[in-house]
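Report on the structure given below.
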Amino acid sequence: YIDRDYGFVANPKKIVFSLPAKPQPDTFGIIDWLAKEFPRAERVMALHHGWRPSKSEKGNAMRNWHLRVATFGALRGWRTASIADGLDRMLKLYETSDLHVGFRVHAHLLSLSQRRASLLIAEDSRGVGQVENARAIRSTD
């Protein structure tokens, strides 16, 4: 991918929205905004750790939250994909997208490495570190 030019697709055919590791209140607004902004695009919400990330009480709560988000998204033309069962599934999903928006750092890095546009929403120190790193690189140009 390094030989390929990086370019932003103004009218993406496929958008992947990586859902957060923990419930974030802005998630519903982002889903709604992206659906309105890109009504013709195929839109997929990615569950990086599956519908139920663990068998704990927190895992059950996340499953319930994921179901609420998936229902909200489905009413706005989104489908939901679990990519918890392996790298191959993640690669296939992101390789066929034009734009990544979301909370997952690995999705952001994968998209950038494939020369695809990506907007990372920082939900924890890893996301903040990516933002600070990008800012440091820009200031040295």
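The values are calculated or read from the model by the stated rules, or taken from the named source; none is laboratory data. Note that the structure is a prediction, hence the values are computed from the model and not measured. All Cβ positions, glycine included, derive from the backbone under ideal geometry; neighbour counts span all protein chains shown. The area values use the complete protein model at the heavy-atom level, side chains included, leaving out ligands, DNA and RNA. Shrake-Rupley method; radii C 1.70, N 1.55, O 1.52, S 1.80 Å.
Things worth noting here:
- Given their separation in residues at 0.36 nm each and the Cα-Cα distance between them, ALA61 and GLN24 gain 12.0 nm when the chain is fully extended.
- Förster radius 30 Å - calculated FRET efficiency between LYS36 and HIS106 (Cβ-Cβ, nearest 0.05): 0.65
- Within the shell defined by Cβ-Cβ distances under 15 Å, the residues around PHE38 carry a net charge of +4, with Lys and Arg each +1 and Asp and Glu each -1.
- Computed 3J(HN,Hα) for the stretch 36-42, one whole-Hz value per residue from the Karplus formula 6.51 cos²θ - 1.76 cosθ + 1.60 where θ = phi - 60°, is 6, 6, 10, x, 8, 6, 6, glycine and proline marked x.
- Accessible surface ranking that places the most exposed of THR96, THR27, THR80 first, with a 1.4 angstrom probe: THR96, THR80, THR27
- Once all protein chains are placed together, SER56 keeps about 50 Å² accessible to a 1.4 angstrom probe.
- Less than 5 angstrom separates the built amide H of LEU47 from those of ALA81, SER82, ILE83, all sequence-distant by 5 or more or on a different chain.
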